[in-house]
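J.: I'd like to ask you about the structure that follows.
The values are calculated or read from the model by the stated rules, or taken from the named source; none is laboratory data. Remember, it's a predicted structure, so these values are computed and weren't measured experimentally. Neighbour counts are summed over all protein chains in view; Cβ atoms, including those assigned to glycine, are modelled from backbone coordinates with ideal geometry.
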Amino acid sequence: MNTIFIIAASIALISSLMSITNRNAIHALLYLILSLLSISIIFYISGAPFIAALEVIVYAGAIMVLFIFVVMILNIGLAEEIENRWLTPGTWAVPVILACALLALLVYAMRQMQSVNTTAVVITPKQVGISLFTTYLIAVEIAAVLLMAGIIGAYHLGKQRKKVVHRFLVKPGKEIPGK
Amino acid sequence: MVTISMEIQLLFAGMIFLIGLVGFLVRRNVIFMLLSIEIMLNSAGLAFVIAGSHWMQTDGQVMFIFILTVSAAEVSVGLALILQMYNHFRTLDADSISKLRDKKVI
């Protein structure tokens, strides 16, 4: 077994666990960035340097920054009380037990499989690009449409709408919101 | 470059996926639920790349690029929805957006 893989995989597992059990949202996001970086190391050693770079640039660089901006805009901290009241060991025990059963099943299935050793061959970005723009051309176009829909949807949903209330409909004593 | 047994790698991807699944089921904060979805999508992409490097084909990496696209679109729309939800309800608790039900939960 490879030492680099074991170190990176254990860092990824521990930081993913910390990110879902953390109460502070910013700390959870930073742990998730650490997990993504170690997964990109695993991509690199298994012969996918292009994907490792994409993971760092797009996931850890763009998506996580978007998350951090939203967390900072919302100034989270007061939403935690409800979850603290709700999150007792009785509620999280059942999903954890079910996930452990699923993990045991996975280990059993992997032990049934005969062991194959993968010697990683580096697949260059050129090969990926050729495959992307010949075999998967339709899928690339569909992905473009999906990204366009994502942009339009985010713009439409992110707009702050002003509430228009007619002045006769407002009860006396209550102020009109937004004025 | 290096020799790693494939089932250990796939097992690792499955463990990351299960961590994301538990996080999605347990947490009630919407931001954490979205974050768990990110973990799950990423582990699915990891499994694709591992299988692609095992058979020395480019298809795994191409699939990872598509997963990346889907995840980016999903995160942008989801975060816009979270902003709207916070503007309406002043909370990030997923149980508070159950206005279509009769009884008040919590």
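J.: If the Cβ limit is 7 Å and pairs must be 6+ apart or interchain, which residue in the range A:126-150 that is part of a loop (DSSP other than H, G, I, E, B) pairs with which residue that is surrounded by 10 or more Cβ atoms within 10 Å (Cβ to Cβ)?
T.: Matching pairs, first to second residue: A:136/B:62.
J.: Please find, among B:71, B:36, B:98, B:5, the residue that is touching a Gly at 6+ places or on another chain (Cβ under 7 Å) and either surrounded by fewer than 20 Cβ atoms within 10 Å (Cβ to Cβ) or small (Gly, Ala, Ser) (or both).
T.: Result of the check over B:71, B:36, B:98, B:5: B:36.
J.: Tally up the residues in the range A:18-41 that are free of Cβ contacts under 8 Å to residues at least 24 places away in the same chain and either among the β-branched types (Val, Ile, Thr) or farther than 19 Å from residue B:10 by Cβ (or both), please.
T.: 12
J.: Test residue A:145 against the stated conditions and say whether it is outside the structural domain of residue A:17 (by TED's automatic domain parsing), farther than 30 Å from residue B:22 by Cα, surrounded by fewer than 13 Cβ atoms within 10 Å (Cβ to Cβ) and at pLDDT below 90.
T.: no
J.: How many residues are at the interface with chain A (Cβ under 8 Å from one of its Cβ atoms), aliphatic (A, V, I, L, M) and not in a helix (DSSP H, G or I) if we restrict to the range B:83-97?
T.: 1
J.: If I go through the range B:39-58 residue by residue, how many of them are at the interface with another protein chain (Cβ under 7 Å from one of its Cβ atoms) and buried (at least 18 other Cβ atoms within 10 Å of the Cβ)?
T.: So the count comes out to 8.
J.: Among the residues of the range A:112-130, are any at pLDDT below 90, over 28 Å from the mean Cα position of the chain (by Cα) and more than 10 Å from every other protein chain (Cβ to nearest Cβ)?
T.: Looking through the range A:112-130, none of the residues is at pLDDT below 90, over 28 Å from the mean Cα position of the chain (by Cα) and more than 10 Å from every other protein chain (Cβ to nearest Cβ).
J.: Name the residue, out of B:95, B:102, that is at pLDDT below 90, over 25 Å from residue A:2 (Cβ atoms) and in contact with a Lys or Arg (Cβ under 7 Å, 6 or more places away or on another chain).
T.: One residue alone meets the criteria, B:95.
J.: Next question, about the same structure. Do we find that residue B:11 is over 23 Å from residue A:58 (Cβ atoms), within 7 Å of another protein chain (Cβ to nearest Cβ) and modelled with pLDDT of 90 or more in this structure?
T.: yes
J.: Can you say whether residue A:82 is at the interface with chain B (Cβ under 7 Å from one of its Cβ atoms), more than 22 Å from residue B:41 (Cα to Cα) and modelled with pLDDT under 70, as far as the supplied structure shows?
T.: yes
J.: Could you list, ordered by first residue, the pairs with Cβ atoms under 7 Å in which the first is in the range A:1-17 and modelled with pLDDT under 90 and the second is hydroxyl-bearing (Ser, Thr, Tyr) and in a helix (DSSP H, G or I), at least 6 apart or interchain?
T.: none
J.: Which residue pairs have Cβ atoms under 8 Å apart, sit 6 or more places apart or on different chains, and have a first residue in the range B:66-93 that is free of Cβ contacts under 8 Å to residues at least 24 places away in the same chain and a second that is β-branched (Val, Ile, Thr) and buried (at least 19 other Cβ atoms within 10 Å of the Cβ)?
T.: B:72/A:63; B:83/A:70
J.: Which one of B:45, B:14 is out of contact with any strand residue (DSSP E or B) (no Cβ under 6 Å at 6 or more places or on another chain) and under 22 Å from residue A:98 (Cβ atoms)?
T.: Exactly one residue qualifies, and that residue is B:14.
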